[in-house]
1. Which value, to two decimals, describes the C-alpha radius of gyration of the stretch 8-128 once divided by 2.2 N^0.38 Å?
2. Collect residues whose amide H, placed 1.01 Å from N in the peptide plane, falls under 5 Å from the amide H of Gly79; neighbours closer than 5 in sequence don't count.
3. Sort Glu147, Glu164 so that the residue with the fewest other Cβ atoms within 10 Å of its own Cβ comes first and the one with the most comes last.
4. Please order Leu114, Leu211, Leu160 by the number of other Cβ within 10 Å, starting at the fewest.
5. In Å, the Kirkwood hydrodynamic radius of the stretch 135-233 over pairs of distinct alpha carbons?
6. Fewest Cβ neighbours within 10 Å first, please rank Asp144, Asp52, Asp102 accordingly.
7. In whole Hz and in residue order, list the ³J(HN,Hα) couplings for the stretch 36-43 that follow from phi through the Karplus curve 6.51 cos²θ - 1.76 cosθ + 1.60, θ = phi - 60°; x for Gly and Pro.
8. Taking θ as phi - 60°, what are the ³J(HN,Hα) couplings along the stretch 172-178 by the Karplus curve (6.51, -1.76, 1.60), each to the nearest whole Hz, with x for Gly and Pro?
Amino acid sequence: MSTETTPRILVVDDDADLRALVSEFLGANGMEVASAADGAQMDIAMASRRFDLVVLDLMMPGEDGLSILRRLRKPGGPGVIMLSAMGEDTDRIIGLEVGADDYLPKPCNPRELLARVRAVLRRRAEQGGAPSGPVRRFGDWTLDIVERTVSRIGCPPAPLTDAEFRTLNAFLDRPQRVLTRDQLIEHGKGLDSDVFDRAIDVTISRLRKKLGPDDPIRTIRNEGYMFTLKVADE
């Protein structure tokens, strides 16, 4: 977190009324909140301070939310909850594929948004203090617990979303065992989130791309997935 007690939240949305409503509600619930109308204003805000989480609208004039999300997904970057007035499953899946930590359709209940914000912040805090150690190694790959990146020998590190990080850790905690989708959903997104089978498939597809050729995740038909390598923690 940015401070010991107060998380910093940035609300990025071109709807001035919604920005004001969300900012006021989150601020009244113990958070330090700033707002921006577009990607340019967001960049100015983020140049002067570090934010723990960004509430990001999908559809905005100029640079859209997906483009902004791609820029935010880097080691040490903030958590991201996407909002979309369209509310379609396709939009939700695309947001997850690009790397959002969570997704809500607009208009959303401010209390539900607050619960999702708290859940993402809690998961990120848990990950930052993972007891397994700063590095986990498997085959030619290394998972950096602190930076939440995965790298292969000879390749640059790839940043992981919260869902990807938790899912990969679930595999590393239970190597060479079949894990069902329900087990992976629980570890990949937590019990607070509304998730579904398609979401875990998307997360694993993204993980495979980041691990590269010969990734150690195997699909076990009608059962789930298995991680095939042994794991060493340091």
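Read-outs throughout are calculated quantities, based only on the coordinates presented, and are distinct from any laboratory measurement. All values derive from a computational prediction rather than experimental measurement. Here Cβ is always computed from backbone atoms with ideal geometry, including for glycine, and neighbour counts include all displayed protein chains.
1. 0.95
2. Leu53, Val54
3. On the way: Glu147 15, Glu164 22.
Least crowded to most crowded, the residues run Glu147, Glu164.
4. Ranked by crowding around the Cβ, least crowded first: Leu114, Leu211, Leu160.
5. On the way: mean 1/r = 0.0744 Å⁻¹.
Roughly 13.4 Å, rounded to one decimal.
6. Fewest-to-most Cβ neighbours within 10 Å comes out as Asp144, Asp52, Asp102.
7. 8, 8, 6, x, 5, 5, 4, 4
8. Per-residue couplings from phi come out as 5, 6, 9, x, 6, 10, 6 Hz.
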